[in-house]
Amino acid sequence: VDLEAPEAEMTAPDGRPVAGSASVGRFDQTKKRLWLGGTVSLHQPPAAGSTDATMTFTTTELYADFTTRAVWGDKPTRLTGTFGTIEGQGFRVYDGGKVLLFTGASRAILNAGSGFNLPTATSGNKP
């Protein structure tokens, strides 16, 4: 089934809603696989009572296999939120959406005031 400007609302593992959209898509009903292309974006609002901003995930291609619950893509990917920005050459989603892995050359620009804590190195300790 070809999809034009598909939109969807889902529930994340933590119970928060996630809204998604793409320019185009295709759903294979027999294999239960979804391909989204063009401008693909997912938006997740902050948890109740949080001062965080909405997290936004963007890419130009996303694949989902509803049988294996696998989601992946090999095109440039970006995640933005109060914490900063993370970019990669692709992505993989694991554990039902609880883990997002950026693949290929990746970089993170973290906002110091976001509450995101990085481990600190001390003299003699090497990562």
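The residue that is surrounded by the most Cβ atoms within 10 Å (Cβ to Cβ), counting only those in segment 77-120 that are modelled with pLDDT of 90 or more and among the β-branched types (Val, Ile, Thr), is THR77. Looking at segment 38-76 only, could you name the residues that are without any contact (Cβ under 8 Å) to a residue 24 or more places away in the chain and of a type in the set (S, T, N, Q)? Across segment 38-76, the qualifying residues are THR39, SER41, SER50, THR58, THR60, THR68.
Filtering segment 1-27 to residues that are at positive phi and out of contact with any strand residue (DSSP E or B) (no Cβ under 8 Å at 6 or more places or on another chain) leaves only GLY15. Condition check for GLY49 on (1) more than 27 Å from ASP2 (Cβ to Cβ); (2) in contact with a Lys or Arg (Cβ under 6 Å, 6 or more places away or on another chain); (3) not hydroxyl-bearing (Ser, Thr, Tyr): one failure, at (2). Restricting attention to segment 56-76, the residues being under 18 Å from ARG92 (Cβ atoms) and open to solvent by less than 60 Å² (accessible area, probe 1.4 Å) number 10. Within segment 77-94, being outside any strand (DSSP E or B) and either touching a residue at least 40 places away in the same chain (Cβ under 8 Å) or within 20 Å of PRO45 (Cβ to Cβ) (or both) holds for THR82, PHE83.
The values are calculated or read from the model by the stated rules, or taken from the named source; none is laboratory data. On a predicted model such as this, the values are computed, not experimentally measured, just so you know. Please note: Cβ atoms are built from the backbone with ideal geometry, for glycine as well, and neighbour counts cover all protein chains shown. Protein only, heavy atoms only, side chains kept; ligands, DNA and RNA dropped before computing areas. Shrake-Rupley method; radii C 1.70, N 1.55, O 1.52, S 1.80 Å.
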